[in-house]
C-alpha cells in the first residue's frame, strides 16, 4: 500500500513539475514577444526570457529525477539512488546558477550598476561551493555496485 501511494505521488509531482516547466517556457516566450511588440530593448527581453527558461530547465530536471527514481518499480537503497540522481540535478542547478550570475554581470554592466556586482559574484561562488560539495559527496559515498567498474579488469 505504501509503495502505491509513493508511486502515485511521484507520478503526480513529476507531471505537475513537467507542466510547470512547460508553462514557464510558454509564459516567458509570450512575455518576451509582448515586450518586443511594445518596443522594449531586445537585450533586456532576451535576458528575461533566458532567466525564465533557466528556471524551467531546473524544474524539468527535478521532474525527471522524481519520475525516474520515485516512480520506478524496483526499490533501491537511498544512498545508491542519491548517487545516481543527485549529480545530474546538482549539475543542472549549478549551470542555472552560473548562467544567472553571468546574466546579472552583463545586466549590471550595461546599466552602469557596478556596485551591485557582489550579487552575481555571490551566485557564482554558491555554484562553485555546490559543485565542491557534490564532489565531496561522490567521493565519500559508496559506489553503485551496478555501475562500478573493477580496476582489476583493466
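A few points about this structure:
- Semi-axes of the equivalent ellipsoid for region 1-72, computed as √(5λ) from the eigenvalues of its C-alpha gyration tensor and ordered from largest down, come to 35, 10, 5 Å.
- Mean projected area of the convex hull spanned by the Cα atoms of region 76-145, taken over all viewing directions: 4.8 nm².
- Highest mobility in the GNM of the chain, judged by mean-square fluctuation with C-alpha springs under 10 Å and restricted to 69, 40, 100, is found for 40.
- Dividing the Cα radius of gyration of the chain by 2.2 N^0.38 Å, with N the residue count, gives 1.33.
- GNM flexibility winner over the chain from 23, 97, 136 (Cα, springs under 10 Å): 136
- Our summary gives region 76-145 a relative contact order of 49 percent, counting only alpha carbon pairs under 8 angstrom and 6 or more residues apart.
- Nearest 10 degrees, 0 to 90: helix 2-37 Cα axis against the chain principal axis: 20
- Degrees separating the helix 78-110 axis from the principal Cα axis of the chain, which is the longest one: 10
- Cα long-axis angle, helix 42-65 against the chain (0 to 90 degrees, to the nearest 10): 10
Coordinate-derived values only; no laboratory data. Keep in mind it's a predicted model, so treat the numbers as computed, not measured.
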